[in-house]
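A short worksheet on the structure shown next.
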Amino acid sequence: MNKSKILLLTGVSSSGKSTLGQHLQTLGVVELISCTTRQPRWNEVNGVTYYFVTKEEFDKIDKLENTYYSGNYYCLSRAEVNRHQEDLVYCIVDAAGVNQIRNSYGIENVIVINITISYFQMFKRLFFRKDSFKEIKKRIIYTIKNKEMKTNRKLADYIIQNNNLDRSKQMLRLLINKLKGDEI
């Protein structure tokens, strides 16, 4: 098994995980593609955004982590991790995924970066991306009820307060340079 360091990005909905993940790619950090049973959205590409699979295919996957959200299954396959030879790779996961990957892959091979924002910013970002008020309310209540912000902070090796995108990108760049300079 390849032992890349896996960077796990966590954060509440609209915290900027995907945006900062894209920035990681410009720094040479490869994204691990997750599998899902949900249908692709209009702008998603199989094998790029996700591997879109049936429930039967999903059940046969050797999973490093998995979750069920909003009627669909998601996972990171062991095969996806093993096919990469890079020193640093990343994926976006929830708190349960962090614990599953740490248990499966080894805590010494996992670095957790929590991307955090305020509830006010969460509301603003969900509003500006044109989520319905019903969806915004549902996401914020879910976040509060499940104590996502507190849980994500507790699991994190590093925390990036994503109030300013340029500053957050700079912090990521510094972290990646540090990790690449370390023996990995």
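The values are calculated or read from the model by the stated rules, or taken from the named source; none is laboratory data. Source: prediction; values computed, not measured. Methodologically, a virtual Cβ is constructed for each residue, glycine included, from the backbone with ideal geometry; neighbour enumeration extends over all protein chains shown.
Annotations
- Qualifying position, being modelled with pLDDT of 95 or more, touching a strand residue (DSSP E or B) at 6+ places or on another chain (Cβ under 6 Å) and closer than 22 Å to ASN177 by Cβ, among ASN46, ASN114: ASN114
- Of everything in the stretch 18-54 that is touching a residue at least 60 places away in the same chain (Cβ under 8 Å) and either touching a Lys or Arg at 6+ places or on another chain (Cβ under 8 Å) or of a type in the set (D, E, K, R) (or both), the residue that is surrounded by the most Cβ atoms within 10 Å (Cβ to Cβ) is LEU20.
- Residue satisfying all of: in the stretch 1-17; crowded, with 19+ Cβ neighbours inside 10 Å and of a type in the set (A, V, I, L, M, F, W, C); farthest from LYS138 (Cα to Cα) among these: ILE6
- Selection within the stretch 171-184 - part of a helix (DSSP H, G or I), loosely packed, with under 12 Cβ neighbours inside 10 Å and not hydrophobic (A, V, I, L, M, F, W, C): ASN177, LYS178, GLY181
- Residue in the stretch 122-135 that is in contact (Cβ under 8 Å) with a residue 40 or more places away in the chain and either among the hydroxyl-bearing types (Ser, Thr, Tyr) or in contact with a Pro (Cβ under 7 Å, 6 or more places away or on another chain) (or both) present: no
- Leading residue by the ranking (nearest to VAL30 (Cα to Cα)) among those in the stretch 120-131 that are surrounded by fewer than 17 Cβ atoms within 10 Å (Cβ to Cβ) and at pLDDT below 90: ARG129
- Residue tally, condition assigned to a helix (DSSP H, G or I), closer than 20 Å to ILE92 by Cα and either without any contact (Cβ under 8 Å) to a residue 24 or more places away in the chain or in contact with a Pro (Cβ under 8 Å, 6 or more places away or on another chain) (or both), over the stretch 145-165: 2
- Number of residues in the stretch 57-85 that are hydrophobic (A, V, I, L, M, F, W, C) and surrounded by fewer than 16 Cβ atoms within 10 Å (Cβ to Cβ) equals 1.
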